[in-house]
1. Once the Cα gyration tensor of the chain is found, what semi-axes does its equivalent ellipsoid get, as square roots of 5 times the eigenvalues, in whole Å, sorted largest first?
2. Thinking of segment 55-96 as a set of Cα atoms, what percent of all their pairs are more than 13 Å apart?
3. Measuring from label point to label point, each 7 Å out along Cα→Cβ, what is the Ser66 to Leu49 span in nm?
4. Note down the relative contact order for the chain as a percent, whole number, built from C-alpha pairs under 8 angstrom at least six residues apart.
5. Please give the length that would be gained between Phe8 and Leu83 if that part of the chain were fully extended, namely 0.36 nm times their separation in residues minus their C-alpha to C-alpha distance (nm, one decimal).
6. Could you compute the longest span of the chain free of chymotrypsin sites (Phe, Trp or Tyr not before Pro) located in DSSP loops and having at most 14 other Cβ atoms within 10 Å, not counting the site residues?
7. Helix-only estimate, please: 222 nm mean residue ellipticity of the chain, summing -39500 (n - 2.57) across DSSP H runs of length 4 or more and dividing by its residues, to the nearest 500.
Amino acid sequence: EEYFFRGFIFLNLDRLGYKKTAYIFSALLFALYHIGIFATWFNPLLMGLALLGLFAVGLVFSALNSKSQTIGNSWLMHSIADLAIIGVGLKMFGLI
């Protein structure tokens with residue numbers, strides 16, 4: 001995800017001078033990409049809220065990479081977020 005959404009899309013558009021488009025397009029695609037993962041998990045209202053949250057996170061991840069022009073910062077944060085989500089899931093199922 002980081003290579004495609006923040007590396008390929010965001011950084012290339014940003015380098016071409018389309019900063020606003022880079023933020024919005026990469027974050028929007030990042031949010032929409034996740035529909036396939038949790039399409040059946042939520043009712044439409046919660047789905048919309050989840051997509052809004054993912055869009056906001058996509059903006060934050062792109063901002064982390066903007067100054068350095070690399071994906072390392074967002075890759076690290078995305079990894080930490082994924083580990084936290086896995087931890088919540090393990091806790092919910094009583095495995096930790």
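Rule-based calculations on the coordinates, nothing more; no lab input. Small disclaimer: the values here were computed from a predicted structure and weren't measured. Backbone-built Cβ (ideal geometry, glycine too); neighbour counts: all protein chains shown.
1. On the way: eigenvalues 141, 56, 16 Å².
Gyration-tensor ellipsoid for the chain: 27, 17, 9 Å.
2. Roughly 58 percent, rounded to a whole number.
3. 2.8
4. On the way: 76 pairs, mean separation 29.1, N = 96.
So the answer I get is 30 percent.
5. Numbers: separation 75, 0.36 × 75 = 27.00 nm, distance 2.40 nm.
Result: 24.6 nm gained on full extension.
6. Values: sites that count: Tyr18, Trp41, Phe42, Phe93.
Between exposed loop sites, the widest span is 43-92.
7. Working: 5 runs with 67 residues, N = 96.
Per the formula, -22500 deg cm²/dmol.
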